[in-house]
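Below is one structure, written out as structure tokens; comments come after it.
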Amino acid sequence: MDRDYGGPVAGIGGWWERHVVPRLVENALGSGDVRRERAAVCEGLSGRVLEVGFGSGLNLSHLPAGVTSLDAVEPSDLGWSMSAPRRDAARLPVARVGLDGQHLDVEDASYDAVLCTFSLCTIPDAALAAREMARAVRPGGTVHVLEHGASPDPRVRRWQARLDPVERAVAGGCHLTRDPVALVRAAGLEVGPVTQRYLPGPAVSRPWTYGYRFVARRP
Ligand SMILES: C[S@@+](CC[C@H](N)C(=O)[O-])C[C@H]1O[C@@H](n2cnc3c(N)ncnc32)[C@H](O)[C@@H]1O
């Protein structure tokens with residue numbers, strides 16, 4: 001199913017966000033260490049999976065064989081069209097089922113797992129989106145999260161606070177200061193072990209590179 005969606009979604013506003021940001025994301029988050037993090041966060045996914053903030057489909061090639069279908073929620077038409085070659089090459093059905101992770105048009109408990117990478121930083125009301133993920137996954141199902149976010153280092157955190165308004169303006173509403181673990185826990189999910197660290201890179205990149213990777217379970 002590939003419905004024709006129309007109308008604006010908060011976060012996908014002007015020309016820059018519609019035509020440039022998806023390409024920037026693909027370049028910044030499409031290679032090297034980030035690819036390895038994507039592979040790691042996809043481990044253990046199986047059955048019917050919902051991906052919130054699908055982007056250009058950079059996780060598709062990392063989905064394990066046990067995943068039977070992927071439903072994508074993605075407001076960016078450019079991101080969705082950029083994903084076409086990856087969707088064509090995928091061995092499983094991929095459908096765009098919505099535009100907005102804050103308001104999922106899906107049944108309660110209808111997925112075995114949810115995947116969300118680098119999108120809780122961007123979705124305007126990330127707490128609401130996390131609650132929607134918790135609603136969509138079945139009891140015992142898992143929510144797999146890979147994000148960048150607030151650093152535990154006070155100095156880096158101060159820079160993140162200073163840079164946050166610039167980041168939001170140039171990177172499609174992306175925040176540097178969010179805590180994905182707290183967001184997911186507040187949604188009622190049980191957060192498993194968290195891998196959190198700076199991805200390799202120069203010290204100056206640290207406001208952007210503090211990463212969190214974890215799997216949370218719906219009780
Ligand atoms: C930094 S990009 C990451 C894309 C992709 N998840 C990845 O890992 O490459 C953030 C994504 O969140 C999407 N997004 C923005 N607002 C959203 C919303 N309200 N609901 C769902 N996704 C949203 C953007 O369109 C974009 O694809």
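FYI, it's all coordinate maths here, none of it is from the lab. Note that the structure is a prediction, hence the values are computed from the model and not measured. Positions of Cβ are generated from backbone atoms using ideal geometry, with glycine treated the same way; all protein chains shown enter the neighbour counts.
So what J values fall out for region 82-92 if you push phi through Karplus, 6.51 cos²θ - 1.76 cosθ + 1.60 with θ = phi - 60°, rounded to Hz, Gly and Pro as x?
Once θ is set to phi - 60°, the couplings for region 82-92 become 4, 7, 3, x, 6, 5, 4, 7, 6, 8, 10 Hz.
Would you pull out the residues with amide H under 5 Å of Gly47's amide H, same chain only if 5 or more places away, H placed 1.01 Å from N?
Here Val67, Thr68 satisfy the definition.
Could you check which residue among Glu26, Glu74, Glu147 shows the biggest mean-square fluctuation in a GNM of the chain with a 10 Å Cα cutoff?
Among Glu26, Glu74, Glu147, the largest mean-square fluctuation in the Gaussian network model of the chain belongs to Glu26.
Quote the relative contact order of region 159-219 in percent (integer), defining contacts as alpha-carbon pairs under 8 Å separated by 6+ residues.
31 percent.
Work through the residues other than Val67 whose Cβ is under 12 Å from its Cβ and net out their charges, Lys, Arg +1 and Asp, Glu -1.
-2
Please compute the net charge surrounding Arg168, taking Lys and Arg as +1 and Asp and Glu as -1 over other residues with Cβ under 12 Å from its Cβ.
-2
Net charge within 12 Å of Ala136 by Cβ-Cβ distance, Lys/Arg positive one each and Asp/Glu negative one each, not counting Ala136 itself?
Net charge in that neighbourhood comes out at -2.
Antiparallel versus total DSSP beta bridges in region 15-217: what percent is that, nearest 5?
40 percent
So if the hydrodynamic radius of the chain is defined as the Kirkwood radius over C-alpha pairs, what does Stokes-Einstein give as its diffusion coefficient at 25 °C and 0.890 mPa s, in µm² per second?
Rounded to a whole number, D works out at 142 µm²/s.
For the chain, set up a Gaussian network in which alpha carbons nearer than 10 Å are linked by springs, and say which option among Thr177, Thr117, Thr195 fluctuates the most.
Thr195
Can you work out the Karplus-derived ³J(HN,Hα) for every residue in region 178-194? Use 6.51 cos²θ - 1.76 cosθ + 1.60 with θ = phi - 60°, whole Hz, and x for glycine or proline.
Karplus values, whole Hz, x for Gly and Pro: 7, 10, x, 5, 5, 4, 6, 5, 5, 7, x, 9, 8, 7, x, x, 10.
Quote the relative contact order of the chain in percent (integer), defining contacts as alpha-carbon pairs under 8 Å separated by 6+ residues.
20 percent
Stokes-Einstein at 25 °C, 0.890 mPa s, Kirkwood radius from Cα pairs: D for region 88-129 in µm² s⁻¹?
Using the Kirkwood radius from Cα pairs, D works out to 200 µm²/s.
Compute a Gaussian network model of the chain, connecting alpha carbons closer than 10 Å, and tell me which residue from Gly32, Gly140, Gly101 fluctuates the most.
Gly32
With the convex hull built on the Cα atoms of region 25-121, state its orientation-averaged projected area in nm².
Seen from a random direction, the Cα hull of region 25-121 projects 5.9 nm² on average.
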